[in-house]
Structures are given as structure tokens and as C-alpha cells.
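The values are calculated or read from the model by the stated rules, or taken from the named source; none is laboratory data. If you're wondering where the values come from, they're calculated on a predicted model, not measured in any experiment. Don't worry about glycine lacking a Cβ; one is built from the backbone with ideal geometry, like all the others, and counts go over all protein chains shown.
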Amino acid sequence: MTDLQPVRGTRDLIGEEHRRFAHVVDTARRTAAGYGFEEWATPIFEDTRVFARSLGDTSDVVTKEMYTFADRGGDSVTLRPENTAGICRALVSNGLTQSLPQKVFYAGPMFRYERPQKGRYRQFHQIGAELIGVAEPLADAEVIALGWDILTALGVAKDTVLEINTLGDRESRDAYRAALVAHFTAHREALSEDSRTRLERNPLRILDSKDHADKPFIATAPTIGDHLTDSARAFYDKVREHLARFAVPFVENPRIVRGLDYYNHTAFEFVTTALGAQGTMMAGGRYDGLVEEMGGPPTPGVGWAAGVERLSLLLAEPPSAPQPVAVIPVGEAAEAVALSVLQTLRHAGIRAEIGYRGNLKRRMEQANKRRARAAIIVGEAEVGRGVAQLKDLASGEQSEVSLAELVARLT
Ligand code: ATP
Ligand code: MG
């Protein structure tokens with residue numbers, strides 16, 4: 001077999017690319033832990049109904065992007081296109097609906113059959129946070145603050161705008177839907193084919209259309225503000241008040257509806273100008289009906305997901321390559337001592353490596369190639385005296401050090 005390449009839309013992460021990726025995930029994980037979130041890992045494939053039920057059967061994800069197949073037993077399974085549905089399914093499957101709130105962090109691969117381009121892949125990765133079981137607007141503001149803190153810790157917050165909106169409660173949405181139907185029906189013939197379908201099945205979705213034919217009518221569409229009930233408005237006011245207390249800057253964007261069916265009240269996106277059309281890095285909202293869709297009791301929830309690849313692309317400073325210490329035995333007799341030194345360093349938390357073959361010169365070349373910061377040369381003459389030569393590979397300075405002092409000298 002020749003010329004085997006990764007499948008279109010998938011990527012290998014190696015070297016700096018993986019370091020960027022891991023830095024994003026590690027930073028998010030640490031920040032989420034500070035907010036009291038615990039990490040869950042759910043399967044990367046689920047019963048197709050988990051997604052078909054929750055995402056809505058008119059969403060782009062369900063109609064065009066899912067990797068769905070019958071397994072060998074004939075069951076329909078789907079590679080997860082997102083993880084909120086899986087987390088809610090897991091909450092119900094594991095009998096946790098009475099142990100609320102649950103504050104969940106996750107990180108892992110997602111799969112969507114999309115046209116690949118920069119920042120858009122068929123296997124991509126998300127980090128995400130879900131706060132399940134809290135109906136108060138404080139929860140919405142807190143998960144948004146967590147997202148903002150992660151972007152800040154990554155150094156990308158400065159190029160980012162948080163856009164928020166409300167989709168209101170059921171009553172507000174019904175009134176708004178009627179207003180949208182009236183508006184778009186007047187322009188029905190000019191709408192894209194997809195949007196004509198949405199008009200019948202889920203008119204709110206038209207606002208999420210990326211089709212140019214729809215843009216002028218989206219621009220003139222009514223906004224939800226005029227249709228909010230008093231309680232939905234009060235909820236939204238509280239979210240904004242809490243965001244200000246958390247010192248998270250935001251702008252309001254009445255066009256944000258989110259692509260999936262399960263949202264109500266708060267919807268938000270963190271957008272950057274640095275990634276062209278792939279500008280949304282982190283997105284989420286409130287999904288009070290979702291746990292019930294999964295067979296649980298009515299349970300409020302709010303959360304977000306962010307694309308790890310998009311965040312990785314934005315990192316200003318790629319994390320630097322690791323710099324090990326190279327242990328270099330010279331001669332057979334020195335090897336036993338060298339291996340013991342090697343393990344002592346590693347167990348003390350110092351990144352240490354040994355060359356596998358070659359004389360001193362060859363092994364020094366290898367050490368430089370591995371970007372070692374220092375070399376510890378263990379020669380036969382030194383072995384008997386319990387010392388080694390420590391060479392700083394940046395300055396070239398070399399000195400004799402007792403083996404007992406090595407760890408202290410290298411930390
Ligand atoms: P877009 O409008 O860019 O298609 P989306 O609304 O489909 O995004 P969500 O379902 O909200 O995206 O997913 C949350 C985040 O996951 C996005 O903001 C983005 O950072 C990332 N993401 C979504 N799809 C992809 C993809 N195909 N490749 C890489 N990252 C993605
Ligand atoms: Mg999409």
C-alpha cells in the first residue's frame with residue numbers, strides 16, 4: 001500500500017501542533033476545575049436517537065453533517081457531532097437527575113461531515129462546560145465567565161467579542177415565531193430552498209442561515225425584544241447584571257439563535273475577527289428541555305462548547321518545545337551508573353533522556369538535536385568517585401558535580 005493519507009477533513013497532530021492543542025485543553029481543564037467543574041468522558045458514538053431527538057430534525061447538523069451508520073448488529077449509531085446531548089443522556093443513564101447541580105467539563109473529538117477548510121474539519125475537538133440543574137440566571141453568567149476566563153488564560157480574549165442574546169421562554173418564542181413567519185412569508189419566493197423548508201418547520205432557524213439569498217430578509221426581520229414576556233425579560237436582565245459583576249464584557253446581538261433546537265433564554269457566542277468565516281470559537285446557551293428529551297425529569301441546564309483547533313490557531317505564543325537533560329555514559333562500566341542517574345532525575349520530575357548508541361561525540365550531537373538543555377557525562381574515571389560532568393548546552397560551560405547534588409543543580 002502506498003500513499004496512504006489521513007481521511008479528508010481529519011488531521012494528525014504532531015510536534016508544535018499537538019503542543020498547541022494540549023495547551024488549550026490543559027488550560028481549559030485547569031480553569032474549569034477552579035470553578036468546581038468535574039470532568040466526564042462519554043462515548044464518542046451513541047444511539048442515533050440521542051442526537052436526532054435533541055438537535056432537532058431540521059438542524060444542519062442532523063440533516064447534513066452526521067456520521068450515522070448501522071453497526072454489524074444492525075443498530076443505528078452516530079459518531080457524536082457535539083457532546084451536550086451525550087452529557088444529558090449520561091446524566092439520565094447514570095441516575096444523576098436527583099443529584100443536582102452537576103458541573104461538568106469535557107474534552108474530546110467530535111465528527112461532522114462538512115466541507116473542510118481552515119478551522120473546519122470532519123474530526124475536530126471540543127472542550128465544553130455544562131451546568132445542569134440550576135434555573136437561576138447566575139448559572140448562565142457563571143458558565144460564560146468560565147469561558148471568558150479560559151480565553152483570557154489562553155491570551156486570546158483581547159481579539160474576542162462576547163455576543164449575547166435571549167431566545168426567551170416558550171411563550172416569548174411562540175409570539176416571536178408568529179412574527180417571523182409573517183415577515184418571511186412575505187418574501188417566501190426569494191428565500192433559499194433550505195429556508196423555505198425552515199419556514200414551515202422551524203422559522204427561527206432562518207436567522208442562522210448562511211445563504212446569501214436569505215441575508216437581506218434576515219437583516220430586516222423582527223427581533224425577539226418586542227415579544228419577550230416580563231419574566232423572560234427579567235431573566236435576561238439578570239444575566240447581563242451578573243455578567244457585569246463578573247467583569248465579563250459583552251455586546252448584544254439579537255441575531256444569535258444558535259443552530260440547534262434545544263436552546264431557550266440565553267444564547268451566546270465568543271467571536272474573533274482573526275479566523276475569517278470560522279470566527280465563532282465558543283458558543284452555547286440555556287437548554288432547559290434537553291434532559292427531559294433524554295427521558296429524565298424536567299431539568300434546567302446551561303453550557304457552551306469551544307473548538308480546540310480554532311483556539312489553537314489563535315494562540316499567539318506556541319508553547320515551547322520541551323528541553324530535556326541528556327544523560328551520556330562513556331564506556332560500558334559507566335552505563336549502570338548512568339541508568340541510575342537517569343531514573344533519579346526522572347523520579348525527581350526532571351525531564352531526562354538517554355541516547356541509545358554511539359560514542360561521546362555522536363551522543364552529544366543527538367542531545368543537541370533533541371534540544372537538550374544540559375548533558376550529564378558519566379565517564380569511567382568519574383564513576384568510582386561518585387561524580388559526573390555537567391555541561392550546560394546553552395553556554396557550553398562544563399563542571400564536575402557530585403551525583404548526590406545533580407537533582408538540586410538541575411531544578
Ligand atoms: P459554525 O457556525 O462555524 O459551523 P457551529 O454553530 O456549527 O459553528 P457549534 O455546534 O456551536 O458550532 O460548536 C461549537 C464550536 O465548535 C464552534 O464555535 C467551533 O469553534 C467548533 N466547531 C464546530 N464545528 C467545527 C468543525 N467542523 N471543525 C472545527 N471546529 C468546529
Ligand atoms: Mg456548523
Within region 54-76, residues being assigned to a helix (DSSP H, G or I) and within 12 Å of ligand 1 (Cβ to nearest atom) number 6
When both residues are 6+ apart or on different chains and their Cβ atoms are under 7 Å apart, which pairs have a first residue that lies in region 146-175 and is in contact (Cβ under 8 Å) with a residue 40 or more places away in the chain, and a second that is assigned to a helix (DSSP H, G or I) and surrounded by fewer than 16 Cβ atoms within 10 Å (Cβ to Cβ)?
D169/S231
Just to be sure, is F124 away from ligand 2 (no atom under 16 Å from the Cβ) and within 13 Å of the chain's Cα centre (by Cα)?
no
For region 270-313: of the residues being in a helix (DSSP H, G or I) and touching a helix residue (DSSP H, G or I) at 6+ places or on another chain (Cβ under 7 Å), which is farthest from ligand 2 (Cβ to nearest atom)?
V291
Would a scan of region 300-317 turn up a residue that is at pLDDT below 95, over 30 Å from L131 (Cβ atoms) and of a type in the set (G, A, S)?
no
Name the one entry in G349, G386 that is free of Cβ contacts under 8 Å to residues at least 40 places away in the same chain, touching a Ser or Thr at 6+ places or on another chain (Cβ under 8 Å) and among the small types (G, A, S).
G386
From L311, L315, residue being touching a residue at least 24 places away in the same chain (Cβ under 8 Å), within 16 Å of ligand 1 (Cβ to nearest atom) and crowded, with 20+ Cβ neighbours inside 10 Å
L311
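Can you find a residue in region 100-107 that is among the aliphatic types (A, V, I, L, M), in contact with a Ser or Thr (Cβ under 9 Å, 6 or more places away or on another chain) and assigned to a helix (DSSP H, G or I)?
Within region 100-107, the subset among the aliphatic types (A, V, I, L, M) is 100, 104, 107.
The next check asks that each one be in contact with a Ser or Thr (Cβ under 9 Å, 6 or more places away or on another chain); those that pass are 100.
Pick out the ones that are also assigned to a helix (DSSP H, G or I) and you get none.
No, region 100-107 contains no residue that is among the aliphatic types (A, V, I, L, M), in contact with a Ser or Thr (Cβ under 9 Å, 6 or more places away or on another chain) and assigned to a helix (DSSP H, G or I).
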If a residue has to be surrounded by 15 or more Cβ atoms within 10 Å (Cβ to Cβ) and part of a helix (DSSP H, G or I) to count, how many in region 361-408 make the cut?
9
Kindly provide the set of residues from region 16-68 that are in contact with an Asp or Glu (Cβ under 8 Å, 6 or more places away or on another chain) and hydroxyl-bearing (S, T, Y), ordered by number.
T31, Y35, S54, T58, S59, T63
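Counting only residues that are aliphatic (A, V, I, L, M) and surrounded by fewer than 18 Cβ atoms within 10 Å (Cβ to Cβ), give me the helices (runs of 4 or more DSSP H) lying completely in region 153-251 with at least 3 of them.
Correct list: 170-185.
Checking the condition without any contact (Cβ under 8 Å) to a residue 40 or more places away in the chain, among the small types (G, A, S) and surrounded by 14 or more Cβ atoms within 10 Å (Cβ to Cβ), which residue from G289, G331 passes?
G289
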In this structure, is V92 more than 14 Å from ligand 2 (Cβ to nearest atom), buried (at least 19 other Cβ atoms within 10 Å of the Cβ) and β-branched (V, I, T)?
no
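Results for (1) of a type in the set (S, T, Y); (2) within 19 Å of the chain's Cα centre (by Cα); (3) assigned to a helix (DSSP H, G or I), shown as yes or no for each residue.
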| site | (1), (2), (3) |
| --- | --- |
| A41 | no, yes, no |
| A52 | no, no, yes |
| T78 | yes, no, no |
| R89 | no, no, yes |
| G95 | no, no, no |
Could you check how many residues of region 120-152 are out of contact with any strand residue (DSSP E or B) (no Cβ under 7 Å at 6 or more places or on another chain) and either aromatic (F, W, Y) or over 24 Å from A232 (Cβ atoms) (or both)?
5
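Here is a check on your reading of the model: is A135 among the small types (G, A, S) and either part of a loop (DSSP other than H, G, I, E, B) or closer than 19 Å to Y287 by Cβ (or both)?
yes
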Pairing a residue in region 66-82 that is over 22 Å from G56 (Cβ atoms) with any residue that is surrounded by 12 or more Cβ atoms within 10 Å (Cβ to Cβ), where Cβ atoms lie under 7 Å and the two sit 6 or more apart in sequence or on different chains, gives A70/S76; D71/V77
Any idea which of (1) more than 16 Å from ligand 2 (Cβ to nearest atom); (2) closer than 30 Å to D159 by Cβ; (3) in contact with a Gly (Cβ under 9 Å, 6 or more places away or on another chain); (4) assigned to a helix (DSSP H, G or I) is the one A334 doesn't satisfy?
(2)
Would you mention how many residues in region 357-385 are in contact with a strand residue (DSSP E or B) (Cβ under 6 Å, 6 or more places away or on another chain) and under 18 Å from V337 (Cα atoms)?
9
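Okay, residues lined up against (1) at pLDDT 95 or above; (2) hydroxyl-bearing (S, T, Y); (3) surrounded by fewer than 21 Cβ atoms within 10 Å (Cβ to Cβ):
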{"position": "R8", "(1), (2), (3)": "yes, no, yes"}
{"position": "D12", "(1), (2), (3)": "yes, no, yes"}
{"position": "A28", "(1), (2), (3)": "yes, no, no"}
{"position": "G34", "(1), (2), (3)": "yes, no, yes"}
{"position": "E39", "(1), (2), (3)": "yes, no, yes"}
{"position": "D60", "(1), (2), (3)": "no, no, yes"}
{"position": "T63", "(1), (2), (3)": "no, yes, yes"}
{"position": "Q102", "(1), (2), (3)": "yes, no, no"}
Could you identify the single residue in E114, E130, E82 that is in a strand (DSSP E or B) and buried (at least 16 other Cβ atoms within 10 Å of the Cβ)?
E130
